[in-house]
Amino acid sequence: MKLATLRLSEGRTVAVRVDGDTAVETGHADVGELLRAGGLEAAASADGPRHDLAGADLASVVPAPGKIVCVGLNYRNHILEMGRELPEYPTLFTKFPEALIGPRDEIQIPPESDKIDWEGELAVVIGKTVRRASAEEAEAAIAGYAVLNDVTMRDWQYRSPQWFQGKAWENSTPFGPVLATAEEIPADAQMVTRLDGEELQRTPIDDLVFNAVDLVRYISTIFTLNPGDVIATGTPGGVGHARKPARYISAGQTLTTTIDGIGELVNVAVAEQVDAVAAAGEAARA
């Protein structure tokens, strides 16, 4: 089953089940609300109003997660390209919901950064409340999976040992296009990132040091995970910052992120429009 959050013309959103080229309303405002209401199983038989998916305006699949927990250095090939050793424990950081954008929305390129990098990722969406989960409980708590690109301002990321300030910029993180339950995703699924059509990342999504169940177990030891919470599992090799010479995203370029069985994000990067006076003030404080 695949679920999405659809924006309607009157300014509201609805959670829908994706049936081929048709979106069927489930009776919830978005996929996050559906999960918090325990509506995942009922969504499979929902029979609400229908919409044509062609040209549909999709929001981020969970528009306002309570938690967005991101994992760094979790693909073996990415760890090696960054010159690091395999970790004993996951590296964690967070984002706020304001960072998320839909699968066709524009990525805002802030004037304060000129080293903006791509990081295609598999995202885990939580469907049940869990704390200190066993492996079985962790697996049962996963509602499904989505595609996410952890677009990163590298010049801000490395201002301090903590990565947060390079990872949490508003309107920077495409997320969607759907929540796909596990049976939708082939065993040999690949994650692919392209910039203006050029393939830059391609890796099997099972090349993780810490897999989805490992991460739910580990993170739920620290705090409770609730329905609608999101775990971004990390990016594989091929990021721009590790290339020689380094490469970054510029305004006008199109970033495409795909995972087999889930779908693709297609996002154009645009220069953020900032008032000149405000921009000067921000630059002085940077």
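No value in this document is a laboratory result; all are computed from the given coordinates. Note that the coordinates shown come from a computational prediction; the quantities given were computed from them, not determined experimentally. When we count neighbours, we look across all protein chains shown, and the Cβ atoms used for this are built from the backbone with ideal geometry, even at glycine.
Considering only alpha-carbon pairs that sit under 8 angstrom and 6 or more positions apart, the relative contact order computed for the chain is 24 percent.
Highest first, please rank the peptides 100-109, 184-193 by the mean number of other Cβ atoms sitting within 10 Å of their residues.
Working: 100-109: 21.7, 184-193: 16.8.
Ranked from most to least packed, the peptides come out as 100-109, 184-193.
Per the Debye calculation on the range 2-58 with a single equal scatterer at every Cα and no solvent contribution, log₁₀ I(q)/I(0) for q = 0.14, 0.18, 0.22, 0.25 Å⁻¹ amounts to -0.30, -0.50, -0.74, -0.95.
A straight Cα-to-Cα reach below 26 Å connects residue 95 with the lysines 2, 67, 115, 128, 167, residues fewer than 8 places away in its own chain not being considered.
Against the empirical curve 2.2 N^0.38 Å, the C-alpha radius of gyration of the range 28-180 lands at a ratio of 1.15. How large is the direction-averaged shadow of the alpha-carbon convex hull of the range 117-252, in nm²? Its average projected convex-hull area is 9.3 nm².
Its Cα gyration tensor gives the chain an equivalent ellipsoid; the semi-axes, largest first and in whole Å, are 29, 23, 18.
Neighbour counting of Cβ atoms within 10 Å sorts the residues 139, 198, fewest neighbours leading, into 198, 139.
Working out 0.36 nm times the residue gap between residue 86 and residue 50, then minus their Cα-Cα distance, what length gain in nm do you get to one decimal?
8.2 nm
Computed per residue of the chain from DSSP H runs no shorter than four, each worth -39500 (n - 2.57), the mean residue ellipticity at 222 nm is -4000 deg cm²/dmol. A protection proxy built from the mean count of other Cβ atoms within 10 Å ranks the segments 150-156, 82-88, 54-60, most packed first, as 150-156, 54-60, 82-88. Peptide packing: for 40-48, 141-149, the average count of neighbouring Cβ atoms within 10 Å per residue gives the ranking 141-149, 40-48, highest mean first.
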